[in-house]
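A short worksheet on the structure shown next.
All of the numbers you see were taken from the coordinates with simple rules; none came from a lab. Note that this is a predicted model, so its numbers are computed, not measured. All Cβ positions, even for glycine, are placed from backbone atoms using ideal geometry, and neighbour counts span all protein chains on display.
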Amino acid sequence: MNGLMLVARREITTQIRTKGFLIGLLVTALLVAAVSFAPKIFGGPTSYTLGTVNSQQLPLQAAAPDAEVTWRSFPDENAAKQAVLAGDVDAVLVNGVKVLTDGEIDPQLGVLLQSVNKETKLGAAGVSIPPLQMQSVGADTRYEAARAGIAVVLVLLLFMLLMGQVMMVAMGVVEEKGSRIVEILLSTVRPWQLLGGKIIGLGVLGLINLVTIAVVGLAAAMVSGLAADFPPGIPGLLAGVLVWFILGYAFFATLSAAFASLVSRQEEVSSVMTPLTMLIMVTYFVAFYTTNDATGTLATVLSYVPPFSAMIMPVRMAATEVPLWQVGASMAAMVVAVLAVLSFGATVYQRAVLRTGARLKLGDVLRTR
Amino acid sequence: MLEISDLRKRFAGGPDAPGGKVALDGIGFSVRPGEMFGFVGANGAGKTTTMRIVMGVLQADSGSVSWQGRSLGYDERQRFGYMPEERGLYQKMRVAEQIEYFGRLHGLGPAEAKKATDDLLERLGLTERRSDAVQTLSLGNQQRVQLAVALVHDPEVLILDEPFSGLDPIAVDALATALQERCRGGVPVIFSSHQLELVERLCDSVGIVSAGRMVATGTVADLRAAEGNSLRVVVRDPSPGWADGLPGEVTVFGDRHTLRTEGGDDQEILRRAMKAGHVEHFGIEQPTLTEIFKEAVA
Ligand SMILES: Nc1ncnc2c1ncn2[C@@H]1O[C@H](COP(=O)(O)OP(=O)(O)O)[C@@H](O)[C@H]1O
Ligand SMILES: [Mg+2]
């Protein structure tokens, strides 16, 4: 146990001290914050600047609570025209009967002005119209867009973190094998401690990344007001994503260590890792596809099949309400897969890591003891 | 006492050796505390394989290794120091941190590891370089760090695979002194080497291995006695045929004739030589380790 923790701690302190790690963390944090603020800066809540010439201001704010409405008044139509053409105002209401705009009016603003105008006139005439009550008899679709967006972001995040950490594991294994330091290491720690310590250490770094992203993202979303659009259950979703990251990472990182232990030079890492990176990519693409159709058969079936479940179950969890037992069953299947991969990976690693030189064949390693 | 008995190891065959390759065919020897044991043999004889098995890095097919009467496990090996034939350090890690890390892996506490590291750095003259990355060190200094990694936990047993290879004469002396110190402290030291004069100078006992078998073990004196002394006579410009009928072999270099023999009547030989010419040298000589080695593996 001691050996395992010492190895893990070395991985963490070594990586944290590199410039690359801190810069990477900073860049992701900034990126996440930028993404959270983007809707406000670009799309943002709509804002209208309106003018009046010899008219009452219409109660637009009551009809469109999300919009920001500012009013200005002009002495005459000419002054109003100039302001419209200069782009100072979006539209000007003249004498309560006519609206001046530069080109076609913004359709939403047009509908808004028309209906509020009618309502005010009718109200003045003593007619009151109760607003229509909207009622959905289907699923709650209020948060559909937000949910789909969150699912896409999650999948991308899981993919990038898994890929990044898994490559780090591979490079670390080859560093130790190629520099032959592994022989001294294995004379003091057991192979599973060396392998496990590396995987745990780099996994903790991945978690630090993930938590940073989650915290920065949530904080930025609160500040920017984006969080108001979030569906309920975000904390649960984040907890789920952490668990799925750990499971997915354990699966891929163990395989990565096994594959990497077959080669002795950094230049050979990417080629020996190709099958594994392909598997991660395929998992990502399928998961990305299912963000469009999170309730479809493909998503439902693959959300139980390791290692696809590591990315697809989070998509389903983000996009719809998934019963707890389904999440549990899928996690159990993944845990079994992780255990199988651990025993396979440890065997390959143990047999291959001391055999430096030419690239080994997986089949040969499994056959000979 | 470190006892190695009847180790056997066969490597699985590759395309070039389908039947597999027998690397060790019954290797056995023992080393007492405070004894320096030289392990010699041609390339491919099985030295590295033997040491790897002792260190638990490889598993033997059969045979056993025991230390102080107990068979070796991970816990015992934690207190061993090892320098593999293929050196290796974390190139980007700082010198002191690296040594400390290995101290911790060998079971030292944080404070102990730090103190042991500081002491070693001081003794090896690396104190100024303690915060530098290993890759910025000269090869000689990297070798010292490698030694420090093997010594940091004050090992009970030292196993070094060709520790002198690639060292300049001054570094050889420094390493020899360091090993002798440990040895005097009661640590059994095993090292392999091709530098037989060095082995002869340093070691209390020697094991000669050839093709996976021990062909000779014992103290250098025992091996010499077994090999037998030889008589060497050098005569300048002797009359032709002076050595006819004498045992041994004559080699001629210029006008100097050298007779070397392991038997015969030395007084008779001396008389004949003096009669034949000018005797420049007459003496009993002990065989060198090189001669013993060549004889043993022949
Ligand atoms: N991992 C291995 N796989 C196959 N053969 C090996 C392996 N390691 C060593 N050998 C073979 O075992 C024999 C002994 O090698 P080694 O112990 O390295 O000898 P030495 O250290 O005395 O030079 C050699 O013939 C070598 O080729
Ligand atoms: Mg060797």
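Listing for the model above:
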| read-out | value |
| --- | --- |
| Summed side-chain charge close to A:SER55 - residues other than A:SER55 whose Cβ falls under 14 Å, Lys, Arg +1, Asp, Glu -1 | +1 |
| Spin-label model distance (nm) - B:GLU249 vs B:GLN267, 7 Å beyond Cα toward Cβ | 3.0 nm |
| Label zone at A:MET163, where the point sits 7 Å out along the Cα-to-Cβ direction: the range A:271-286 residues whose backbone N lies under 16 Å | A:271, A:273-286 |
| Size descriptor, Kirkwood hydrodynamic radius, that averages inverse alpha-carbon separations across the range B:2-224, Å | 18.1 Å |
| Net charge of Cβ neighbours under 13 Å - reference A:VAL182; Lys, Arg +1; Asp, Glu -1 | +4 |
| Antiparallel content of DSSP bridges confined to the protein assembly as shown, in %, to 5 | 60 percent |
| Rounded to the nearest 20 debye, dipole of the range B:228-297 from Cβ charges on Lys, Arg, Asp, Glu | 160 debye |
| For A:185-194, mean number of other protein chain Cβ atoms within 10 Å | 6 |
| The range A:47-136 - Rg and Dmax from Cα coordinates, angstrom | 13.9, 48 |
| Rg/Rg_ref, chain A, where Rg_ref = 2.2 N^0.38 Å and atoms are Cα | 1.41 |
| Amide H contacts of B:TYR82 (H built 1.01 Å from N, under 5 Å, at least 5 apart or other chain) | B:ILE159 |
| Net dipole in debye of the range B:2-224 [+1 Lys, Arg Cβ; -1 Asp, Glu Cβ; about Cα centre; nearest 20] | 360 debye |
| Note, ³J(HN,Hα) from phi for the range A:116-122, Karplus 6.51, -1.76, 1.60, rounded to Hz, x at Gly and Pro | 5, 4, 4, 4, 4, 5, 4 |
| In degrees, nearest ten, helix A:324-352 long axis to first principal axis of chain A (Cα) | 40 degrees |
| Relative contact order for the range B:228-297, counting Cα pairs under 8 Å that sit 6 or more residues apart, in percent | 46 percent |
| Gyration tensor (Cα) of the range B:228-297, equivalent ellipsoid semi-axes in angstrom | 23, 13, 10 |
| Chain B: angle of helix B:266-276 to the longest principal axis, Cα-based, in degrees nearest 10 | 60 degrees |
| Options A:GLY217, A:GLN15, A:PRO306, ranked by Cα towards positive dipole end of the protein assembly as shown, top entry (Cβ charges) | A:PRO306 |
| Peptide B:102-111 - average C-beta neighbours from other chains (10 Å radius) | 3 |
| Among A:116-125, B:102-111, A:176-185, the order from most to least packed when residues are scored by Cβ within 10 Å on average | A:176-185, B:102-111, A:116-125 |
| Of A:LYS361/B:LYS21; A:LYS198/B:LYS9; B:LYS9/B:LYS92; A:LYS198/B:LYS115, pairs whose Cα-Cα distance is over 24 Å | A:LYS198/B:LYS9; B:LYS9/B:LYS92; A:LYS198/B:LYS115 |
| Summed side-chain charge close to A:GLU268 - residues other than A:GLU268 whose Cβ falls under 12 Å, Lys, Arg +1, Asp, Glu -1 | +2 |
| Residue mean of other protein chain beta carbons inside 10 Å, B:78-88 | 5 |
| Most mobile listed residue (B:GLY185, B:GLY263, B:GLY41) in chain B, GNM with C-alpha springs under 10 Å | B:GLY263 |
| Placed amide H near B:GLY218: partners under 5 Å, 5+ positions off or other chain | B:VAL206 |
| For the protein assembly as shown, size of Cβ-based charge dipole, Lys and Arg +1, Asp and Glu -1, in debye | 820 debye |
| Kirkwood hydrodynamic radius (C-alpha pairs) into Stokes-Einstein, the protein assembly as shown, 10 °C and 1.306 mPa s, D in µm²/s | 50 µm²/s |
| Mean separation of Cα contacts under 8 Å (6+ apart) over length of the range A:146-233, as relative contact order % | 45 percent |
| Average Cα contact separation per residue, chain B, under 8 Å, 6 or more apart, as relative contact order % | 21 percent |
| Angle between chain B longest axis and helix B:110-124 axis [Cα atoms, degrees, rounded to 10] | 40 degrees |
